[in-house]
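The next block holds one structure in the form of structure tokens; read it before the comments.
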Amino acid sequence: QAQLMESGGGLVQPGGSLRLSCAASGSIYRIKAMGWYRQAPGKQRELVAFDTSGGSTDYADSVKGRFTISRDKDKNTVYLQMNSLKPEDTAVYYCYAELMEVAGHGLREYEEWGQGTQVTVSS
């Protein structure tokens, strides 16, 4: 089973930028997709950005034009570049992956979540 390790969160002023990273390690045959979700206090977890192995991406309307997701497939790492940050972007950001691993004589598909990294946008 793989593990996801996030980094890059912190405190930033409105209008500032942060770059989140998430590296997958462990028993990995293939990563089908990786993405980022976030959860603000008192709110449900929501999709921020998603990147499939085919190269297609999807973004929440609230972050389009400000956030960019990218992947380094050689490093099993996904990044989230966040620009023009707003106070409403404050949340715990979670990395997500759809993975495949060798299991017996076949392959097993499963999902994995990171522990989360706090992003706080405040003056």
Kindly indicate whether residue 21 is over 26 Å from residue 103 (Cβ atoms), hydroxyl-bearing (Ser, Thr, Tyr) and within 10 Å of the chain's Cα centre (by Cα). yes
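Let's see how each residue does on (1) assigned to a strand (DSSP E or B); (2) among the hydrophobic types (A, V, I, L, M, F, W, C):
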{"position": "11", "(1), (2)": "yes, yes"}
{"position": "43", "(1), (2)": "no, no"}
{"position": "50", "(1), (2)": "yes, yes"}
{"position": "70", "(1), (2)": "yes, no"}
{"position": "79", "(1), (2)": "yes, no"}
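How about the range 64-107: which of its residues are aromatic (Phe, Trp, Tyr) and closer than 26 Å to residue 42 by Cβ?
Passing the criteria: 67, 93, 94, 96.
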Being surrounded by 12 or more Cβ atoms within 10 Å (Cβ to Cβ) and among the acidic types (Asp, Glu) narrows it down to one of 98, 111, so name that one. 98
Residues located in the range 81-94, provided they are open to solvent by 50 Å² or more (accessible area, probe 1.4 Å) and either assigned to a strand (DSSP E or B) or farther than 17 Å from residue 39 by Cβ (or both): 81, 83, 84
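For (1) hydrophobic (A, V, I, L, M, F, W, C); (2) in contact with a Pro (Cβ under 6 Å, 6 or more places away or on another chain); (3) surrounded by 15 or more Cβ atoms within 10 Å (Cβ to Cβ), each residue gets a yes or a no:
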residue: 5; (1), (2), (3): yes, no, no
residue: 8; (1), (2), (3): no, no, yes
residue: 12; (1), (2), (3): yes, no, yes
residue: 23; (1), (2), (3): yes, no, yes
residue: 31; (1), (2), (3): yes, no, yes
residue: 36; (1), (2), (3): yes, no, yes
residue: 42; (1), (2), (3): no, no, no
residue: 46; (1), (2), (3): no, no, no
residue: 59; (1), (2), (3): no, no, yes
Candidate set from the range 1-15 (those that are over 17 Å from residue 79 (Cα atoms) and not polar (S, T, N, Q)); member that is modelled with the lowest pLDDT: 2
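Test residue 74 against the stated conditions and say whether it is under 23 Å from residue 1 (Cα atoms), free of Cβ contacts under 8 Å to residues at least 12 places away in the same chain and either open to solvent by less than 50 Å² (accessible area, probe 1.4 Å) or of a type in the set (D, E, K, R) (or both).
It is true that residue 74 is under 23 Å from residue 1 (Cα atoms), free of Cβ contacts under 8 Å to residues at least 12 places away in the same chain and either open to solvent by less than 50 Å² (accessible area, probe 1.4 Å) or of a type in the set (D, E, K, R) (or both).
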Scan of the range 13-41 for residues that are under 22 Å from residue 83 (Cβ atoms), hydrophobic (A, V, I, L, M, F, W, C) and part of a loop (DSSP other than H, G, I, E, B), ordered by number: 40
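The values are calculated or read from the model by the stated rules, or taken from the named source; none is laboratory data. It should be emphasised that the depicted structure is a prediction, and the values quoted were computed from it without experimental measurement. Neighbour counts are summed over all protein chains in view; Cβ atoms, including those assigned to glycine, are modelled from backbone coordinates with ideal geometry. Side chains are part of the model used for accessible areas, which takes the heavy atoms of the whole protein and leaves out ligands, DNA and RNA. Shrake-Rupley method; radii C 1.70, N 1.55, O 1.52, S 1.80 Å.
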